Amino acid sequence: MKKRYILYKIAKPIIKSYIKIIYRPQIEGKENIIKNGRCILAGNHTSNLDALLIMSSTKRTIRFLAKKELYKGIFGKLIQSAGTIPVDRSKKDPKAKEEAIKALEKEELICIFPEGTINRTHEVIMPFKYGAVSFAGKTNTKIVPFIIIGKYKPFKKSIKIKFLKPVEIKEKELEEENKKLMNIVKEELEKNE
């Protein structure tokens, strides 16, 4: 493991224990996460705890894309040292895009929430931004869609994450591919309501 991800390595077992003991999540389909090499995890966003749940679901180190607003003070330094990739959501962010593509070219695993923020609407899912399909198309990377269902209620077994079969993305048809990815996630969420 790279030295700069040392905090991730230290924090992961603590986070995994915390999530397992407090929230008792159901985890399905983790065999769909590609074991070695480049991969993108992409799915719905329900809570600030989603990243911790995903981190707890695989042995692999995950590079999360996170909003730049989180990179303030001590907490900002901590999440940066865990290998996250800051994203400026107010504009197209070439620096974040470049870093995500570099991570994939180094055969790393990244996670992105294509809704761009936590879904606080009454809709099943919010429209997906193009980052996940764009990164996948440019680097010939498969996307493993996931769905998070339920609420984070302590000691209630009320949260579930399900990883779906990997999908391939055609670089020249991003709009169509983005709709396809969004529909996969949306239909799976509707099935599990």
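Worth pointing out:
- Positions within region 106-142 being open to solvent by 50 Å² or more (accessible area, probe 1.4 Å), in contact with a strand residue (DSSP E or B) (Cβ under 8 Å, 6 or more places away or on another chain) and either farther than 16 Å from CYS39 by Cβ or not in a loop (DSSP other than H, G, I, E, B) (or both), in sequence order: THR117
- When the helices (runs of 4 or more DSSP H) confined to region 1-105 are screened for residues that are out of contact with any Ser or Thr (no Cβ under 7 Å at 6 or more places or on another chain), surrounded by 14 or more Cβ atoms within 10 Å (Cβ to Cβ) and modelled with pLDDT of 85 or more, those reaching at least 3 such residues are found at 6-23, 50-55, 94-105.
- Tabulated pairs, region 19-38, first farther than 18 Å from ILE149 by Cβ, second in a helix (DSSP H, G or I), C-beta under 7 angstrom, 6+ apart or interchain: ARG38/LEU104; ARG38/THR139
- Restricting attention to region 157-193, the residues being part of a loop (DSSP other than H, G, I, E, B), in contact with a strand residue (DSSP E or B) (Cβ under 9 Å, 6 or more places away or on another chain) and open to solvent by 70 Å² or more (accessible area, probe 1.4 Å) number 4.
The values are calculated or read from the model by the stated rules, or taken from the named source; none is laboratory data. None of the values given here were measured: they were computed from a predicted structure. Please note: Cβ atoms are built from the backbone with ideal geometry, for glycine as well, and neighbour counts cover all protein chains shown. Areas reflect the complete protein model, heavy atoms only, side chains present, ligands, DNA and RNA absent. Shrake-Rupley method; radii C 1.70, N 1.55, O 1.52, S 1.80 Å.
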